[in-house]
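The values are calculated or read from the model by the stated rules, or taken from the named source; none is laboratory data. These numbers come from a predicted model, not from an experiment. Counting neighbours? That spans all protein chains shown, and the Cβs are built from the backbone with ideal geometry, glycine included.
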Amino acid sequence: MKKKLLAMGLAGIMTLSIFGCSGGSGTEETTSDTSTAQENTQTDDEKESSADETASADSGEMEDWEKELAEQYEVSGDEEYVWGYVAQSFTDTFCSRVQKAMEDYVAQNFPNVTLNVGDGKQEVNTHIELAENFITQGVDCLIVTASDSNGEVVICDMAKEAGIPFVVVNSDIACDPMDHWFVGSDHYVSGHLQGEYLVENVDDSETVNVCYLGGTDGFTHTTLRRQGFYDALDEAGYNYKALADLEGEYLRDRGMEITEDWLIQYGEDIDVIVAANDEMGMGALNAIQAAGMSDIIVCGIDANDDAKEAVKAGTFGCTVFQNAEGQGKWGAIAAYAASQGKDFATLDIPYELVTADNLDQYN
Amino acid sequence: MGNGKKGNISIAEFYSKFGIVLIFVILFVVMSIINHNFISGVNLRNVVRQVVVITILACGEQLMLISGMVDLSPGRVLAFAGTLSAYCMLKTGNLFLALIVGLACGLLFGVINGALITAFDIPPFIATLASMQMADGAIMAFTGGQNYSNLPASFNFLGQGYIGFIPFPVIIMIIVLIITYIILAWTPIGRALYAIGGNQAAALASGIRVKKAKFFACAFGGVCTGLAGILLMARMSSGQPAAGEGMEMDAITAVIVGGTSMSGGVGNILNTIVGSLIIGIIKNFMNLQNINSSFQDIVLGILICVAVIIDVQVRKANTK
């Protein structure tokens, strides 16, 4: 009991960072649109000046999912707005990238928008206080990257009462979907992609033995990732057997410990270990290598630097990339649409599967 | 519980000597019967290696608890010290320097704890809660939540290497255990700690330098924590700011299950080893059986209750 209580209290920062920005700590800039917008003078196919630079930058770099959205929303504009952005925290690597992408995109494409950013410090209370301040200031749009999906429902209500459009970026808040905008990635898809990878790359003529390292129980995304993974296998009629499924708490050492024990229990029988994030996957890989084995396929989520290296080295099967830059950019576009009074919507920024084949795009 | 054997040996003595070993043996036999993989040599070696970090932390907690204190900071200080050490290793490539930095960081927090507790008379629970917060903040400010990977093999050897069949970290653990045993059994400070835990006023009255002994316990715990942090990061080949969370509770559990009283004055490190091995085999066995860690926590919780209930009952019976 005491352990649970303390663990809950003390684990605050860690778990919140997992929830709020379940993106890991990759720091590389990807082929994002913000960077191309900045370096717009490159010898791409278009040479237009700043008049419609977004259009040009986007048409050059936009991926299919973005094109569809771009038809519905203005990707640049001159209206004058003031926005308040409650960042999850300034220290979380993944969230900082979302924040930077948004700041850059606003500066480039919505030049008359003032974006005020507050450090949420990964605390629900601070988030609420900052949101209150922004609402009192009467911002045209309130943007939040939440720390806790239930704890921050109150912000929804406050914004609604004040009649201020509300955009949630990265991790959704558990209020009525019709009350707010949501820009983020569907965790179900990340698990599903891992499953698809197995279906396409691992031969199932003989039953494939799978061990699953789950994240911390109690978080929505833990459930969704697991569900997405198994669903993908089941939908494809994949011939597999779930040998074991344990809670690795998103931690490398837990993933390592559990894998060591699995290697004792199932040994050579294990074909695949799928982890709900890269850290646990790396832990599994450590254990596998320490045991002198090499033919177990490991999959993770986050596209962390060391996971990408492992994919390159062939010791990792796949990881899944969560698009921080896409979230920041579309967060800004959604905020602009919201400020104009458009109807609430959910903008899905897709997860992307990272394998040896397409690794180059993510470095 | 009240009716023990008559004779020279009291129930309290019997329990403190053999009770915990008995529980361990019973668990061990039952687990071996249920799962034959459990008693394989490699698995038992894994278990011992898996309890290294907790056991080293438990050595620090042992001194704290015996003198009636408790340390809540190791879980976060460990992460800070270990990550700092890994960072230093990456930047300088100097293993010796990395070790010094990790141990010094642990010691620093031990000294902070000691200063808060002895110089300002802050209750240990609160003082170490505060230093835990500081360590937590420091590590996040320092790393920004990022980890440090690609550590060189020399560093990783600390956590993953072998000398013969024996894992290197296990050798370190045994050395720390021996040092702890010597401190508690043979040095004036060890005896002072028992006396303080038994009755601080009496200890003070009999001329024991209470503050010095307490300060030493804190500093020693800090060094243990720093060492544990280095070994943990080396084991994962990565400096992980999020690692170690809540490990102080496992360490305290090991000490308490090993029969050390929360109120101080009683306890010995040999039983603590058994305590941490019990935690180790329970976790290991449940992983082997594919039982989720939620249930591991429940079982460990029950274990703490049972250990303390027995402790209290035995003590009551003994004072009659």
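Only a single criterion out of (1) within 23 Å of residue A:247 (Cα to Cα); (2) assigned to a helix (DSSP H, G or I); (3) touching a residue at least 12 places away in the same chain (Cβ under 8 Å) is not satisfied by residue B:244, namely (2).
Residue pairs whose Cβ atoms lie under 8 Å apart, sitting 6 or more positions apart in sequence or on different chains, and linking a residue in the stretch B:289-314 that is under 14 Å from residue B:249 (Cβ atoms) and within 7 Å of chain A (Cβ to nearest Cβ) to a partner that is of a type outside the set (Phe, Trp, Tyr) and not in a helix (DSSP H, G or I), are B:293/A:246; B:293/A:247; B:293/A:249; B:301/A:1. Of all residues in the stretch B:70-104, those that are β-branched (Val, Ile, Thr) and not in a helix (DSSP H, G or I) total 1. Contact map, the stretch A:76-91: residues that are free of Cβ contacts under 8 Å to residues at least 60 places away in the same chain paired with residues that are in a loop (DSSP other than H, G, I, E, B) and of a type in the set (A, V, I, L, M, F, W, C), Cβ distance under 7 Å, separation 6+ or inter-chain. Pairs shown: A:76/A:110; A:82/A:139; A:84/A:139. Note on the stretch A:61-108: among residues that are among the polar types (S, T, N, Q) and away from chain B (no Cβ under 13 Å), the one that is farthest from residue A:329 (Cα to Cα) is A:72.
Among the strands (runs of 3 or more DSSP E) confined to the stretch A:78-155, the ones with at least 3 residues that are crowded, with 20+ Cβ neighbours inside 10 Å are located at A:81-87, A:141-144. Filtering the stretch A:309-328 to residues that are more than 19 Å from residue A:284 (Cβ to Cβ) and in contact with an Asp or Glu (Cβ under 6 Å, 6 or more places away or on another chain) leaves only A:321.
The residues on offer are B:297, B:250, and the sole one that is part of a helix (DSSP H, G or I) and surrounded by fewer than 21 Cβ atoms within 10 Å (Cβ to Cβ) is B:297. Residues in the stretch A:169-219 that are closer than 16 Å to residue A:338 by Cβ and either within 14 Å of chain B (Cβ to nearest Cβ) or outside any strand (DSSP E or B) (or both): A:172, A:173, A:175, A:176, A:177, A:178, A:179, A:180.
Among residues of the stretch A:245-254 being in contact with an Asp or Glu (Cβ under 7 Å, 6 or more places away or on another chain) and assigned to a loop (DSSP other than H, G, I, E, B), the one that is farthest from the other protein chains (Cβ to nearest Cβ) is A:250. Taking the stretch B:253-277 as the range and being buried (at least 24 other Cβ atoms within 10 Å of the Cβ) and either within 11 Å of chain A (Cβ to nearest Cβ) or among the aromatic types (Phe, Trp, Tyr) (or both) as the test, only B:253 passes.
Going by what's in this entry, would residue A:303 be described as among the aliphatic types (A, V, I, L, M), over 21 Å from residue B:286 (Cα atoms), modelled with pLDDT under 95 and in the same structural domain as residue A:245 (by TED's automatic domain parsing)? Taking the combined requirement at face value, the residue satisfies it.
Here's the yes/no breakdown for (1) surrounded by 24 or more Cβ atoms within 10 Å (Cβ to Cβ); (2) touching a Lys or Arg at 6+ places or on another chain (Cβ under 6 Å); (3) not assigned by TED's automatic domain parsing to the domain that holds residue A:213:
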site	(1), (2), (3)
A:268	no, no, no
A:274	yes, no, no
A:282	yes, yes, no
A:293	no, no, no
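One line per residue, one yes/no per condition, for (1) over 18 Å from the mean Cα position of the chain (by Cα); (2) crowded, with 24+ Cβ neighbours inside 10 Å; (3) hydrophobic (A, V, I, L, M, F, W, C); (4) within 14 Å of chain A (Cβ to nearest Cβ):
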residue	(1), (2), (3), (4)
B:65	no, yes, yes, no
B:75	no, yes, no, yes
B:80	no, yes, yes, yes
B:94	yes, no, no, no
B:123	yes, no, no, no
B:134	yes, no, yes, yes
B:137	yes, no, no, yes
B:155	yes, no, yes, yes
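Selection of the stretch B:207-234 for residues being away from chain A (no Cβ under 14 Å) and of a type in the set (Val, Ile, Thr) yields B:208, B:210, B:223, B:225.
Among the residues of the stretch B:235-252, the ones that are basic (Lys, Arg) and either more than 11 Å from chain A (Cβ to nearest Cβ) or closer than 26 Å to residue B:183 by Cα (or both) come to 0 in all. For the residues A:152, A:132, A:161, the requirement of being within 23 Å of the chain's Cα centre (by Cα) and of a type in the set (D, E, K, R) singles out A:152. Filtering the stretch B:15-72 to residues that are of a type in the set (Ser, Thr, Tyr) and out of contact with any helix residue (DSSP H, G or I) (no Cβ under 9 Å at 6 or more places or on another chain) leaves only B:32.
Among the residues here, residue A:266 does not qualify as under 17 Å from the mean Cα position of the chain (by Cα) and within 11 Å of chain B (Cβ to nearest Cβ).
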